[in-house]
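Okay, so here's the structure we're looking at.
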Amino acid sequence: MAAVLKKRALAEYSQTIQEEPPKPVKKLRLVKKLTLGNSAIVYIGLLEKSKSSNDALQVLVRIADCLKFEEEDIPDVIKKLSEYFQYEVVSTVRAKILALFADISKEQGADIPSITEELISLLKKEESHKVLAQGVSALLKIGRLQPDNQGLHQKIVQVAIQRLKDTSHLVKCTSLELIGDLLPVGATVETSPGSIMRLVGDYTHSDEGRVRSAAFRAMMTLHGRGLTLDPSVYSEACLALKDDYEIVRQEALRLVWVLGRTYPENIIVLPSSDEEVRLVDDAFGKLCNMINDLSMNVRTLAAEKLGSMTLVSPKFLHQTLDKKLMSNMRKKRSAHERAWESITSGEWASGKNWSDDAPREVIDAESVSLMSSGSCGAFVHGLEDEFLEVRYASVESVCQLSLDNPQFAHMSLDFLVDMFNDEIEEVRIKAIDSLTRISRHIVLREDQLETILGALKDFSMDVREGLHKMLASCRLSSKNCLQMCVESLLENLKKYPMDRRSTWHCLQKIGQSHPELTLPLVPELLAIHPFFDTPEPDVEDPACILHSHTLWFNVCELELEQFYNIQHLYVCILILVFNAAQQSPTMLQLFEEHTLKHYSYLRDTMPTLVPALKSYEPPIILTRAVCSQLVGSSRPADPAPLSTGSAQYLSDILARIETAPSSCVRRELMEACRHDLSRLATIDRAIPGALQFSALYISSQLLMIDILSNKLWSNPSALASQQGNVVKNCISQLLSQCLKLQHLYVGLNTEDLSCVKQFKLKALALQLVYIVRGSNFSALALCEHFLETVEDTQRYLSEHEVQPEAFTSSLFKELGLLEDTKPGPVARCLLPLLQVSTPAPLPHTNIEVERKLKGVGESNSNAAVERSFSIIKECLVENLHEDGLIAQYVTYDAVTAAGGLINMTISKKMIYAVRDAPGIRKEVLEKKKKIEIDLSQKRKTASEEIRKLEVKRRTVLQKAKEEEEIRSSMAVISEPTGDLETALKFTAGLVLGVHCDALLHNIQDISTLRIKVKYPDQQTHLLVPRPTDLRPLEPPDHRLLTTILLSHHVWTEACIVEVSLALDVARAESGLAGRKVLSSGSMRSDDPWVLDLCRPVKVLVSPKPIKRGI
């Protein structure tokens, strides 16, 4: 038994166990999830499974719609499409496959040479014209993707040359287009570019009109790319002007125009005579003749091209405005030459009349033209055409030719004035604009002015304002013209009071350019009687009645609305007279005392319209008070910012804040600086943008300090209380100010913009922590927006090499270590950073320009002070001379003290002193003359120094304009005016239209402009203006002319609706606004992404109930 146990034990310990080899690790095949971007691969697989050609075509259309392939999949896709192309029977499907080749070539990573080779190989055996045309078109698109690959272009062009022999016009047209776009002009090919140009020219005689048109178009394309056309092509192009097809005549017309501009001085011989003319003159006549073409498109094209042919001879140009039929540039023979031709004819006659029976030459019937007008009356026909496109193009061409030709401008004046009565508003506006552009060459007569002023009755505001600009730029011929113009403008202002600003500017320019014509009209315009005192008009009183014999108004006969519009008429006349008085000093003597008072008032209220009358010298009849008032009110129209110290103050106060010894002192300085800068921005117009930007940034910093110093923002239990709403409102206000800093200021430099971005990032972090810890709202969108802002800020700082602030640097570091980007972990990461954060440094705005301006102002002021000291010194020296007043007083006192002249004893010493009196006198005169010469030299030197300083000042000002400066986005609403005396009534539930006229300044993205309407029930609506309501002015300013639509239910009494303009940046700040807001368009009054551009204007509105029938 023991032996058995021992055997078992030994067997157990000696047993060997063979371990199985480890199983290989199972490799997982990761399949990329199909998205909409790479779903085209799926359709490629479906293409092979399609049962019919129709199904295959549908699959190919879907592939083209969602075209997006990975770089490694493109070769397989091309191979599968090529294989399917070879056994497909339907030509439409094959053509679609070739079109896909061109689309796939646009993908990133596509091998364009291999795709081109595959495409060329597929076209070699193709016989379908449709597929061939599509293949050549695909080659054209591929060639345009690589404009510098000359070798690829040579292969493609050779394919196109081979396909020119095809019988289909579609293939020929596409091949000609390819040759014109891709032919290597400077490279050496099998066929030279010149021979290819001749080859293309041969197809201008094709039987197919579309091929002829494509050939002419390819020739012009090659000419534009550097392969110059031969002048011999001109005759063929002229023959093509009589082609039966409109498209051929259009291309031939363009070719004639190109040759006329390329070879203007080439001499050609007219086929109908032996006369030689310049090629540009003959081309001009051919284009003028095309004004009478049957096709409207050809006539429009001819009228457009005429305007650019400025090298034409004056005799041909002037014929375009004369309907008299000329000889079409044929040489006129004298009577002697005609008689000599009859004698040398060699035939006999009957003898009754000289050479009456002589045989004539055989005349071709087709060569006879009943009316071969050439350039005669071309513009007359164009301006009288039945289609507005032709008339519009003719007006533009007349204007272009008149800009550099004063004689032609004078001749075309009557024709442009007649176009003011055109039935189409667009043509009328174009005629007005054209006359404005050529106004420096013309002077308006009374008959012309009468027609022009008749257009002021037009209902269109664009036409009326265009007329105002035109009248402001034109010259009037006589006093009667000026009187007629002023009367019409004032009469038009009564009918259209909304035109008052445009009328003011018009009269301002008229007064500046016609002072000599305004002077004799001053007594009539201002109702000045030579013997009697007239009543003083009141500028602000609507009952102000002008009692000139030309402007009598009877209040009893006027309607109430017209009665209240009279208040602007007197202001218009004053603007005209004061601007004329600036150039005519004699006019100032005609002004009465109350006119001078009105000048001071208008000078303060309208500084841009009323100039400074520097040359005014008060007459003796005026009182001292009036004279001092006038002198005190005389100041330049645009106050120069040279004497102000705003720039230096801003720089000093920012430096003082940065060097504050403690946080308490820093806060007190920031509080005082915010108040001072806000007040200074409203006073000083030198740097208002920089002052407003600095004040707003300091205000935002103070608000941030207040929020962070309050422990409630990080306490979840306290945020849910009533005090949490205060924190919420403060954070919302802070975000609004951050968005204003970013979107309402233009011209921020890199330092300013980096400070704004980092400060906004800190505000978003504060809001995210508040939303996560103190509310139950979802923070996913806000967190995503915050992370996008972090990436944008980091990218901007790295691109511009700006050192981030302490908070921003810590934020980048912590977020880089963060693995989970959900709102909770991000908020927990941001909380300690905000708790230990310090105020960011203030940005030093771009005020270097203002410092330069201030330096120039100080130099000018110092020079003035030095000149005053020199004048005092000169006066002192002059008074000490012997013939000076003080010296004479001293001599008189000495003689009187000696007993007078009678009691005075004359000694020998005195006799010796006056013995050489003539010599002494001569010496004194020479000394005096020398002193006068020295004084004149000093004055000349001083004036030269002043002139140099003025030149330096203008140079610095010009550089200041060129340099970028901070400008604030703002809006000025002219209408509605905010008049609350009369309520606007409308039926409740319907729509009330309120006219709005506003000027927009420095708007970066005009698409974000909104009209903000706030109703009495605190509902706020944002209205999007139509793009046609925005009129571009000098960039980046715009003018808004629109109608605001208001609607509401019945109110018990009239209430106020507030209208303002704002920017809606919800699209750019989608994380703040949220998707619901973006889709619904609703808003609250405290939404931070709605940035006001101006103060609201109040409109009194009274919705009335619907009147129901009995």
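Worth a mention:
- Taken as a whole, segment 424-436 holds no residue that is of a type in the set (K, R) and over 25 Å from D1029 (Cα atoms).
- Picking from residues in segment 660-686 that are of a type in the set (S, T, Y) and outside any loop (DSSP other than H, G, I, E, B), the one that is farthest from S700 (Cα to Cα) is T682.
- Matching entry among E516, E491 (being more than 26 Å from E426 (Cα to Cα) and open to solvent by 20 Å² or more (accessible area, probe 1.4 Å)): E516
- Residues satisfying the stated conditions in segment 778-796, i.e. under 16 Å from Q767 (Cβ atoms) and hydroxyl-bearing (S, T, Y): S778, T789, T793
- When restricted to residues that are open to solvent by less than 10 Å² (accessible area, probe 1.4 Å) and part of a loop (DSSP other than H, G, I, E, B), segment 272-315 contains 2.
- The residues in segment 112-169 that are farther than 24 Å from R210 by Cβ and among the charged types (D, E, K, R) can be counted, and the count is 6.
- Of the residues L170, L145, the single one that is under 23 Å from K106 (Cα atoms) and open to solvent by 20 Å² or more (accessible area, probe 1.4 Å) is L145.
- Number of positions in segment 393-441 that are open to solvent by 20 Å² or more (accessible area, probe 1.4 Å), touching a residue at least 60 places away in the same chain (Cβ under 8 Å), in a helix (DSSP H, G or I) and not polar (S, T, N, Q): 3
- The residue that is farthest from Q758 (Cα to Cα), among those in segment 787-807 that are free of Cβ contacts under 8 Å to residues at least 24 places away in the same chain and outside any helix (DSSP H, G or I), is E801.
- Here L471 qualifies as out of contact with any strand residue (DSSP E or B) (no Cβ under 8 Å at 6 or more places or on another chain), closer than 26 Å to P1032 by Cβ, open to solvent by less than 10 Å² (accessible area, probe 1.4 Å) and in a helix (DSSP H, G or I).
- For segment 511-536, the set of residues classified as under 30 Å from L444 (Cβ atoms), of a type outside the set (S, T, Y) and either modelled with pLDDT under 80 or assigned to a helix (DSSP H, G or I) (or both) consists of G511, Q512, P515, E516, L517, L519, P520, L521, V522, P523, E524, L525, listed by residue number.
- Test for T821: is it of a type in the set (V, I, T), more than 35 Å from the chain's Cα centre (by Cα) and not in a helix (DSSP H, G or I): yes
- 2 or more residues closer than 26 Å to D73 by Cα and touching a helix residue (DSSP H, G or I) at 6+ places or on another chain (Cβ under 8 Å): qualifying helices (runs of 4 or more DSSP H) within segment 93-210: 112-124, 129-145, 150-163
The values are calculated or read from the model by the stated rules, or taken from the named source; none is laboratory data. Keep in mind it's a predicted model, so treat the numbers as computed, not measured. For neighbour counting, all protein chains shown are included, and Cβ atoms are generated from backbone atoms with ideal geometry for every residue, glycine included. Please note that ligands, DNA and RNA were not included when accessible areas were found on the heavy atoms of the full protein model with its side chains. Shrake-Rupley method; radii C 1.70, N 1.55, O 1.52, S 1.80 Å.
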